[in-house]
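Each value in this text was obtained by applying a stated rule to the coordinates, not by laboratory testing. All of these numbers come straight from a predicted model, not from anything done at the bench. Cβ placement follows ideal geometry from the backbone for every residue including glycine, while neighbour counts extend to all protein chains displayed.
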Amino acid sequence: MANSSEVRAILDLPSSSTPAPAPKKLSVPTARKPDGISRELFSLIGPSSTTLVAQLAKPRLKQKPNLGAGSKIKWQWRAFKNEYPFAKYNVQRPTFTYSEDEYTLHLEDSEWTKEETDYLMKIVAEYDTRWYVIYDRYEFAGGVARTMEDLKDRYCSVCRKLVRNRPWAGDENSKNALLSSYQFDKEREVLRKRYVASLENRTPEQIAEEEALYMEIKRLEQNERKFKRERDDLLRTIAGIDSGLPDIVEDELPASSMSSDPKRSKKRNGADLDSPSTPLMSTPLSRAARPSLPPKNSAYDLQHCITRTEPPAAATSATKAAHQPAYLRSFKLPFPKAAQAQKVTQALAELGVSHTRLVMPTQGNVALLDQLLEATTALVDTKKAVDKIEFDIQVLKNRLGMQGAAAGTAAEEGDGGTEGMEVDDGNDADGDADGEGDGDGEDGRAQSVLKTHFNVRTGPAVNVHLLRGFCGHGIDTGGDKAAKANLIQGVCCVKFMAYRVHR
Amino acid sequence: MREAEQTGHSEIVDQSRNFWNARPSTPRILATDFFARVDEVSALVIDIGTSSVRAGYAGDDTPKAVIPTTYGLLKTAPDADSAMPDATDPTQATTGASSKIYMGQFGPSVWRAGMEVSNPLNDGLIHDFEPITALMRHAVVDVMRCNPSDHPILVTEPAWNTPANRERMAEIMFEEFQVPAFYIANTGVLNAFAAGKGSALVIDVGQTMASVTPIVDGFVLRKGLVYSPLPKLVHAHARHILTNPNQQRRGIDLFPHQLVANKQQVEVGAPPRFTLREDRLKGTTDSWRNWYEAREVEEWIQSVAGVLEQGWNDQVAASRPPRQYEFPTGYNCWFAQERYSVGEQFFWHSPQLMASNPSLPKTIPALITESLRACDPELRQVLVGNVVLTGGGSLFAGFGDRLSAELARSFPHVKIHSPGNPVERRYGGWLGGSVLASLGTFHQLWISKEEWTEHGKAIVGQRCK
Amino acid sequence: MSFRDSNVIIIETGRTVIRAGLGLHDLLKPPSVEISARVGLRKSVFTNGAEANGKTNISEDPLASTSRASSLPQNGQRNAAVKDYLVGVQLDEVLATESDIAISWPFADGDIRDWTQAEALWKYVLFNQLQRRRVQNESPVLLTLPPGLSRDSHERICQIFFERFNVAGFSILERPVGQIYAANSLSGVVIDIGHEKTDITPIYDGFIVHSARTSTSVGTRDCVNYLAHLLRSNQSVMAAISPPEAPLEPNAIHSTLVELVDQVWKDGHVKVPSDGETAAAEDEGVTDIAAVIVAGKERALIESGMKKKATAKASAAEQARLREREAQDLLPVKFKGLEFDLGKERHRFCEPLFDPTLLRGKTTGDATLRSTAEMSLPLQTAVGHAVAQTEVDQRQYIWSGGLFVTGDITRHVKGIGIALQSRLAPFIVNPELQTDVQPRSMRVLNVPEYFPEYRDTGNGFAAFLGASIVAKITFNDSGGKNFVSKADYTSMGPRSVIEMAPTLL
């Protein structure tokens, strides 16, 4: 059981006194017989047959805990040292020292004595430029009271001067970088601190007022967004066109996130509502309010005639390569869909617009033309639908008339023939009249196709009724006025666009 | 075979016995892996507060020894048949020719004829170092059974400690305790560390002092440090409530268990039926009785008293459920609104009270305002966003919520760290010391015995900023 | 890795006695080894060395002289080796014949006074009594220790067990924790009545409340001395042991009486009256069977019942005599070949526990029984006080967790817990009180009946039983987080025991 070292230990033989047997044992270069192979076999095949050895050695029982040998490690006590082996990795800021001459040459300052400057440099090094602590601990006997800005200013100016006036080993860039790290604008800092302090010194009334104003702004913004969104929705529904107001799309992101996730929006709102009183937060806040604005300043782009092409991802990227080669703008001129090309061209011709040729095919103009084409297409579609409904109404009227005739109520016959709209909704007579009036006024310059649509068919208000027929009373009665207003606006837009494109 | 084995074994034993005896009496860094083990210096941390002295191993989460700072003092001459205790009792130390001090959990709290009690701290500062030395020795040697010369020791100090005091402490540690290394750290900073913060506004409500300490990057901003003996006022108010009669009840006797021979169960509010230990009354000193009654008040506060979360409101106070409490005399009654008026003293003093008593300690909100006013405006937001509430006195039910409500009135983004675990709250300073002293990076800050010998007292101020 | 239950060793280190056992069985067994925790050293062997050093009888540990000092002797020898110490049976034999033996009790202070002596005792238990072999030691050891030892001590013990005893695994359990586990509770107060000291340890949720631990200088020794003193006024006893024709020396009288008392209480003839009752008063009302059973005196009752049956056939005169004897509660005693009767005074055995001042100034022969009577608090005061040192909100759990009285005395004397409970009533508030903070109830704990092997040992072996339970969990845990394995020791050193024995943290 006991191995030689244990025997030695038991017999109290110092290990050094038995040099003879130990090296002998070590010098014999016999490979040890692996477990699981008989000695005879091993002496036959030798240690070279590695595969066999590996195979034979493999099946082993769980390793037994090493119970026999005493632990080799002896634990002992060491004296205490307050050293830290990683201290060398603790990077110290470079500290500046200056000679007497340097001070008199460059660093003289009427506000500061050399002694106090020395003290300042020492304490800054001692507290590792933690300015709040430095200011707290700054106690120069006989010195005047200093603000933190005084201390920072003096320290930075000393460092700047020393850097500037000493020979510089590195390149100019590194020197400038270092210099700029010691840049300190005292007046600005003082002013900033004053602002911070004044923010804190607001009376509760002031805070409440600010809070109220902020809420009001938020509310207004939200209203506007809602209004735009609704208008846009309506336009889409009516005419299947974009209203062409770019900010709608942009504003939709925060609005939708707000409505889709009430929990999150609550949090957001809370943060937003709180933020006016946080001076430190004011910068991020302005960004948070309009998060989808492109990072580059659009005013700048405008000024420098930069147009950023943002390829409509949905339209192109799926089918074509994302890369767009250079192209002529006229290449991008839109064309109406083949099925309706004729009617659209006809309508545009009535408006006096040639869609095949633009004098100045700028991006904006192309986009406008595109929108115009879409609007016209929608208009054509609508006309088709209106015609169909008109026809249906006529048929129904005729049937009604026949019924009426069959019943023999002669008195109602005339009315029923002219005021068939009342079948749907009779109390919009005033609105109809208004709409008609507006339409007439606006449409004074309008072209003949449009006239045939609106004037002949008693104006946009009729469309509302027709639409309602289509959607199976999908539009709320209460929303009628607003919807109508939107519609009027939308129509005006189309006209206006046609006008601009034409010009 | 056994014989041989026995011999071998004895041999090993002999060697190691020498090793035991040769052990230098300094703390060790365990051998083998120097880098992995370098932080194991088995440092001790001692935190001295007005209520208790806390001592324990650095790296632990609770102190091993918590003994009252108050000690008993018996001035009688040590005669054989007078009430003389066992000379070998560890809780005693001889102070002079004819007085003994009794320390520890079973020191002052055990009744002894003629024993006075005393506290070596005044407004949180040590004013009598002799019993402090004895108390620290008792905590480390008798309770923890450690040899102070084997362990570096970190001691805490309040933020308003004097340089003379900390140097005296260093002297005691190096000269009397023979510690291999020493450091003295500020409780404000340590409380911030215990909360895992480098910068914080530490609100520490202890047994006698309430303090507000701004901490930035692990340094106290001394200009923003404010404190007042507010807890004393709260305690006095509670005692006043209990001992003075009101419409519902008579004044309550605060006799401790030691003076009550037996009690009988009585109805709520009925006069207590108990017998006093007449044999003890005569030998009871005023200071002992006063101290013990204060403990009874303290326990009543801990069991019953609270503070309204949203400021004082008669209706709210009346709507809270009353609590029943029984005193050692067996007297028991219900405490309703009045249990909230105790905690209210921390936050609000009536104008009449303030007018009649100009030296009234400042309330917590007043202290906070004063502290923040002294700080750079830019820092205030950072500080109120990192408020650390600590100290046994803050364990008042509802204290944290009330503080939060008070702060929210003036600051929009208040965040209060107030550990729910009472041990963490009560021993925050000790815990921070435990964290600090077990950090590897702290090693270079220890003042070693060699440095002390070489530089003397001056090194304390230089190293412990 | 885990160990075979049959290899696990439990060593319970008390102040004056060491108990040990090998193997964990399905029915946990009481310890198989029990030795006095004392060592002897031949004075002659070390006289020269000691003089050369100029120091004698100096304990190596400086703490021993300052604290908790027990009156049991301590004779440390700086240059004595483990093998120099006489231990166990060896020591008993030598003591019977030789006189120049210096006795030491290294654990009597509740700390370790001398490391070499401690090692000698543990070594004797492991290698002599339990027949382990150092070279091929497959046994893990769970060692119980008094609570509150320093970390340095724990580390040193860990080092001894690995580097000297070569154990396969090691863990440490503080005795009171094991004791409360044995009583099937996690909170409560453990009152461990020893020979001359009683250790009181409040435990909250499985952890010792160290700041509230205390001990008081009352113990079985006081009870024995007190009863021996009382017996001096019992003429029939005195006449028997010190007949006028051959009177004993005054010192001899006391030591003989002590021997007699030892025999009486160890035979289970002592009862404990609860507070307010005198010994006589309780004897009258044997009808309250429940109370008798609760007090653990059922066996005495049954025996007396059997006696009645046996004597039914005897003559009427005989019966009358027996009845009278029973009424007087006379106990026939056979002692050193003598036969005499012992009266009710034997039930006053435990009185000093509750009132140590009874012993003040009492002398036996030339020795005052106690010089420190004033210092030692009565059990009920010390217990009440200890619990009062815990946190306000912990107390109700500690009180309702229960009083657990253990120690050698509880193997033979039942009912100390009940007696203590009645005296602690002032610390409990009215049970009707509407409170969720103040303690409203208290109970008395005993070792549960479902440990059949421990049925006849009262609460006396609680520490060993608790340690067995802990060992069963600890060493069967393949995660091995609660004990130090050999590999742990090699990589982490002695400190590993602090991290691996969770109750120490």
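Computed from backbone phi, the HN-Hα couplings of region A:358-367 come to 10, 4, 10, x, 6, 4, x, 5, 4, 4 Hz, rounded to whole numbers (Karplus: 6.51 cos²θ - 1.76 cosθ + 1.60, θ = phi - 60°; Gly and Pro given as x).
Computed from backbone phi with θ = phi - 60° and the Karplus coefficients 6.51, -1.76 and 1.60, the 3J(HN,Hα) list for region A:383-389 is 4, 4, 4, 4, 4, 5, 4 Hz; x is used for glycine and proline. Rg/Rh, computed from the Cα trace of region B:246-298 with Rh as the Kirkwood radius, has the value 0.99. Here is the tail figure for region C:163-220: Cα pairs spaced more than 18 Å apart come to 44 percent of all pairs. Measuring spread by the Cα atoms of region C:98-160 yields a radius of gyration and Dmax of 13.5, 39 Å. Computed over region B:255-352, the percent of Cα pairs more than 23 Å apart is 40.
May I ask you to derive the FRET efficiency for B:LYS457 and A:ASP109 from their Cβ-Cβ distance with R0 = 35 Å, giving the value to the nearest 0.05?
0.45
Two numbers describe the Cα atoms of region B:168-271: Rg and Dmax, which are 22.3, 62 Å.
In this entry, region B:420-465 is assigned a mean projected area of 4.2 nm², taken as a quarter of its C-alpha convex hull surface.
Considering only Cα atoms, the convex hull volume of region B:360-419 works out to 90 Å³ per residue. What is region C:97-245 by shape, rounded, prolate or oblate, if you read a ≥ b ≥ c off the alpha carbon gyration tensor as root eigenvalues and call it rounded for a/c under 1.5, prolate for a/b larger than b/c, and oblate otherwise? Note, shape of region C:97-245 comes out oblate. For C:SER215, the residues whose amide H sits under 5 Å from its own are C:ILE200, ignoring neighbours fewer than 5 places away on the same chain, with H placed 1.01 Å from N.
Simple spin-label estimate for A:ALA125 and B:ARG277 gives 6.6 nm between the two label positions (7 Å along the Cα-to-Cβ direction from each Cα).
Need one word for region B:293-442: rounded, prolate or oblate. Basis is the Cα gyration tensor (sqrt eigenvalues a ≥ b ≥ c); a/c below 1.5 gives rounded, then a/b vs b/c decides. Because a/c hits 1.5 or more and a/b fails to exceed b/c, region B:293-442 counts as oblate. Each 5 Å bin, from zero up to the one with the longest distance, holds this percent of the alpha carbon pairs of region C:212-264: 4, 19, 27, 20, 11, 6, 5, 3, 2, 1, 0. With both residues required to sit in chain B, DSSP beta bridges show an antiparallel share near 75%.
Scalar couplings 3J(HN,Hα) for region C:137-153, obtained by applying the Karplus form with A = 6.51, B = -1.76, C = 1.60 to θ = phi - 60°, are 8, 9, 9, x, 10, 9, 10, 9, 9, x, x, x, 5, 6, 5, 4, 5 Hz; x denotes Gly and Pro.
Its Kirkwood hydrodynamic radius, worked out from the mean inverse distance over all distinct Cα pairs, puts region A:162-241 at 18.6 Å. Multiplying each eigenvalue of the alpha-carbon gyration tensor of chain B by 5 and taking the square root yields semi-axes of 41, 33, 20 Å, largest first, rounded to whole angstroms. Both the radius of gyration and Dmax for region B:210-289 are 20.8, 59 Å, in that order, over alpha-carbon atoms. Which of the three applies to region B:317-397, rounded, prolate or oblate, going by the alpha-carbon gyration tensor with a ≥ b ≥ c and a/c under 1.5 meaning rounded? The shape class here is prolate. In percent, rounded to a whole number, the relative contact order of region B:230-380 is 27, using alpha-carbon pairs under 8 Å and six or more apart.
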